[in-house]
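Q: Can you read through this structure? Questions will come right after.
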Amino acid sequence: MRAFLIVASLLVMAMVMVVAAGVVGWFTRTRGESGAPEGSLSAPAQLERPAINLPGRTTQAPFSDAILVGDTLYLSGRLGMDPETGQLPAEPQQEARNVLDQIRSVLEEAGMTMDDLVSVQVFCSDVAYYADFNAVYTSYFTRDPPTRAFVGAGTLLRGARFEVMGIAVRRS
């Protein structure tokens with residue numbers, strides 16, 4: 001059942017990303033080759049999709065830290081490894097701080113803040129850590145927190161307790 005919920009969550013996130021990219025492209029206002037006046041709707045524009053990676057990234061993972069499409073940033077899942085040792089901390093609250101610090105670093109690399117997050121998904125190896133995660137999570141926002149799913153996922157990569165991914169939209 002857990003595997004089904006994880007797959008379903010990932011499929012929903014993928015569909016949201018595809019729809020959001022299409023809507024942003026469709027409503028991009030440009031002066032088309034047809035000579036249509038500026039501000040009129042034109043065919044879907046090809047938006048740039050730069051990868052946002054933290055400086056000094058050493059991993060050869062087959063994904064980027066984030067992808068920026070227009071003003072929307074799609075953040076890959078992050079684990080809460082200790083940045084100095086590469087190991088998991090003994091305490092779940094420290095692991096939560098580590099993973100949220102990494103999310104914040106990727107957002108800052110894109111010129112955003114934690115308050116630009118609109119959706120967060122937290123995959124947790126054991127939902128018994130829910131209170132530990134929340135004790136840290138709330139301190140990362142100065143405005144209303146984003147929408148969030150907290151999913152009991154079973155075993156995570158490298159024995160992590162938490163994996164966090166999200167979507168952010170740059171505020172005007």
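Q: Which cross-chain or sequence-distant (5 or more) residues have an amide H under 5 Å from the amide H of L88, H modelled 1.01 Å from N in plane?
A: Excluding prolines and chain starts, which carry no amide H, the hits are D82.
Q: Determine the relative contact order of the stretch 52-156: mean sequence separation of Cα pairs under 8 Å and six or more apart, normalised by residue count, in whole percent.
A: 24
Q: What's the extension gain from A149 to D71 if we count 0.36 nm per residue and subtract their Cα-Cα distance?
A: 25.8 nm
Q: Between Q60 and A90, what is 0.36 nm times their sequence separation minus the Cα-Cα distance? Round to one decimal in nm.
A: 8.2 nm
Q: Amide H of V69 versus every other amide H placed in the peptide plane: which residues, excluding those fewer than 5 positions away on the same chain, fall under 5 Å?
A: Y74
Q: Then there is this: Defining a contact as two alpha carbons under 8 Å apart and six or more residues distant in sequence, what relative contact order in percent does the stretch 97-172 show?
A: After rounding, I find 46 percent.
Q: Under 13 Å from the Cβ of F133, count the other residues' Cβ atoms, weight Lys and Arg +1, Asp and Glu -1, and hand me the total.
A: So the surrounding residues net to -2.
Q: Next up: Give, in nm to one decimal, the length gained when the segment between R104 and A135 is fully stretched (0.36 nm per residue of separation minus the Cα-Cα distance).
A: Answer, rounded to one decimal: 9.5 nm.
Q: How would you rank S76, S105, S139, going from fewest to most other Cβ atoms within 10 Å of each one's own Cβ?
A: By the 10 Å Cβ count, ascending, the order reads S139, S105, S76.
Q: Can you tally the net charge around T85? Count Lys and Arg as +1, Asp and Glu as -1, for every other residue whose Cβ sits under 15 Å from the Cβ of T85.
A: Here the count lands on -3.
Each reported figure results from applying straightforward, stated rules to the coordinates on display, with no laboratory input. The structure displayed is predicted, hence computed values, not measured ones. Don't worry about glycine lacking a Cβ; one is built from the backbone with ideal geometry, like all the others, and counts go over all protein chains shown.
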